[in-house]
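These notes are about the structure you will find just below.
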């Protein structure tokens with residue numbers, strides 16, 4: 001796990017930074033061996049990025065990808081057309097309407113105007129530009145092919161944004177149905193059932209067990225709603241904090257991959273994204289070990305991060321890259337075969353990108369199929385719940401009418 005620290009060196013100068021260690025004691029001991037006197041050390045938040053030892057909140061992924069996609073696409077068009085880099089960045093900056101992103105563009109342009117490189121300016125803002133983007137721009141600067149590199153980077157980001165938008169869009173309707181079902185059920189318990197309670201009390205008729213249970217639940221919500229809120233809030237906050245701990249993230253990510261049907265789709269989505277990243281880096285002439293390391297850093301799932309770390313070890317020993325991916329079910333056989341074919345031809349990136357395109361198309365169909373199955377299931381569940389509540393309310397009236405007719 002990663003820790004951030006503040007310390008003093010041997011000459012009394014304050015320093016700050018971050019390091020990886022198993023626990024706080026190991027991190028402190030490692031710093032002490034470096035001749036540092038630690039004044040403050042804490043586990044780094046996985047949602048934060050470290051800039052000069054200070055924690056900076058990571059920008060929301062959807063917003064970051066949207067701005068980055070527009071920026072790289074516009075910059076590619078302008079640079080490819082012969083516009084100087086600074087002038088191209090100034091043009092994009094003038095067109096920008098989002099204040100926060102405009103400030104970032106101003107900082108990038110100012111760094112380039114002072115003689116710095118664009119990749120250096122991006123590296124100083126890791127909350128907006130991840131290591132993949134920075135490495136691609138750096139590779140373009142080194143090779144002198146900034147235009148083509150920006151085109152690859154733009155295509156990569158737009159593909160990620162499109163897939164993300166497709167998944168979010170497919171889940172909107174099922175989520176809306178679930179919210180509507182919860183609101184309808186609570187409304188019936190709070191506003192409809194109490195009216196029937198007064199009627200049944202006046203009639204004095206015996207109530208079926210299901211109706212009694214609904215009245216008890218309605219009374220609990222009306223009388224003790226204030227006592228229910230603290231446990232719900234405490235549970236939600238506790239789960240949120242637990243999910244952000246290394247153990248919580250590991251458990252959630254492990255169970256997500258094991259879920260029936262959903263686990264298969266999750267594996268395919270993650271594998272396709274990482275295959276595209278890995279392939280794009282290799283096609284951009286990034287060294288193999290560096291490409292594996294950068295892809296590992298971009299892996300949001302701990303199991304895939306371990307897989308690419310294992311691939312680094314395998315390649316470092318001189319073995320083929322495909323060996324590391326052949327003995328796991330985290331990636332599909334098509335990815336393994338693409339890597340093996342690329343090793344034989346000396347070009348791994350191209351077949352990986354082709355497989356990633358194929359997997360993305362398949363994943364989009366799988367997500368749509370899954371949501372099309374979920375929608376009727378949610379509707380059926382909603383109908384059963386509301387129907388059961390309605391039947392429980394009207395059943396005593398039917399019994400009363402039947403007994404009245406029998407008495408008559």
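For this structure, a couple of remarks:
- Verdict on residue 240 being within 15 Å of the chain's Cα centre (by Cα) and surrounded by fewer than 14 Cβ atoms within 10 Å (Cβ to Cβ): yes
- Residue in region 363-385 that is out of contact with any strand residue (DSSP E or B) (no Cβ under 7 Å at 6 or more places or on another chain), touching a residue at least 12 places away in the same chain (Cβ under 8 Å) and not in a helix (DSSP H, G or I) present: no
- Residue 202 part of a helix (DSSP H, G or I), exposed (fewer than 12 other Cβ atoms within 10 Å of the Cβ) and modelled with pLDDT under 80: yes
- Subset tally (residues that are closer than 30 Å to residue 315 by Cα and more than 21 Å from the chain's Cα centre (by Cα)) for region 343-398: 14
- So residue 348, is it in contact (Cβ under 8 Å) with a residue 60 or more places away in the chain, under 30 Å from residue 215 (Cα atoms), surrounded by 14 or more Cβ atoms within 10 Å (Cβ to Cβ) and touching a helix residue (DSSP H, G or I) at 6+ places or on another chain (Cβ under 7 Å): no
- Taken together, 93, 127, 113 contain a single residue that is surrounded by fewer than 20 Cβ atoms within 10 Å (Cβ to Cβ), at pLDDT 85 or above and within 29 Å of the chain's Cα centre (by Cα), which is 93.
- Breaking point among (1) assigned to a helix (DSSP H, G or I); (2) touching a residue at least 40 places away in the same chain (Cβ under 8 Å); (3) in contact with a helix residue (DSSP H, G or I) (Cβ under 6 Å, 6 or more places away or on another chain), for residue 340: (2)
- In region 328-337, the qualifying residues are those that are closer than 14 Å to residue 272 by Cβ and touching a residue at least 60 places away in the same chain (Cβ under 8 Å), and the one that is surrounded by the fewest Cβ atoms within 10 Å (Cβ to Cβ) is 330.
- Residue match in region 255-266 (condition: surrounded by 14 or more Cβ atoms within 10 Å (Cβ to Cβ), outside any helix (DSSP H, G or I) and at positive phi): no
- Tally, over region 275-309, of residues that are surrounded by fewer than 19 Cβ atoms within 10 Å (Cβ to Cβ), over 15 Å from the mean Cα position of the chain (by Cα) and at pLDDT below 85: 1
- Any hit, region 311-327, residues being assigned to a helix (DSSP H, G or I), buried (at least 17 other Cβ atoms within 10 Å of the Cβ) and touching a residue at least 60 places away in the same chain (Cβ under 8 Å): no
- Strands (runs of 3 or more DSSP E) (entirely within region 1-78) containing at least 1 residues that are at pLDDT 65 or above: 2-8, 14-20, 37-43
- Region 243-254, subset without any contact (Cβ under 8 Å) to a residue 40 or more places away in the chain and part of a helix (DSSP H, G or I), residue surrounded by the fewest Cβ atoms within 10 Å (Cβ to Cβ): 247
- The criterion of at least 3 residues that are within 22 Å of residue 63 (Cβ to Cβ) and without any contact (Cβ under 8 Å) to a residue 40 or more places away in the chain is met, among helices (runs of 4 or more DSSP H) falling completely within region 104-188, by 118-123, 146-187.
Table: residues versus (1) outside the structural domain of residue 397 (by TED's automatic domain parsing); (2) under 18 Å from residue 390 (Cα atoms); (3) surrounded by 14 or more Cβ atoms within 10 Å (Cβ to Cβ); (4) modelled with pLDDT of 80 or more.
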site: 190; (1), (2), (3), (4): no, yes, no, yes
site: 198; (1), (2), (3), (4): no, yes, no, no
site: 207; (1), (2), (3), (4): no, yes, yes, no
site: 223; (1), (2), (3), (4): no, no, no, yes
site: 227; (1), (2), (3), (4): no, no, no, yes
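- Any hit, region 130-138, residues being surrounded by 17 or more Cβ atoms within 10 Å (Cβ to Cβ) and over 25 Å from the mean Cα position of the chain (by Cα): yes
The values are calculated or read from the model by the stated rules, or taken from the named source; none is laboratory data. Keep in mind it's a predicted model, so treat the numbers as computed, not measured. Every residue, glycine as well, gets a Cβ built from its backbone with ideal geometry; the counts of neighbours run over all protein chains shown.
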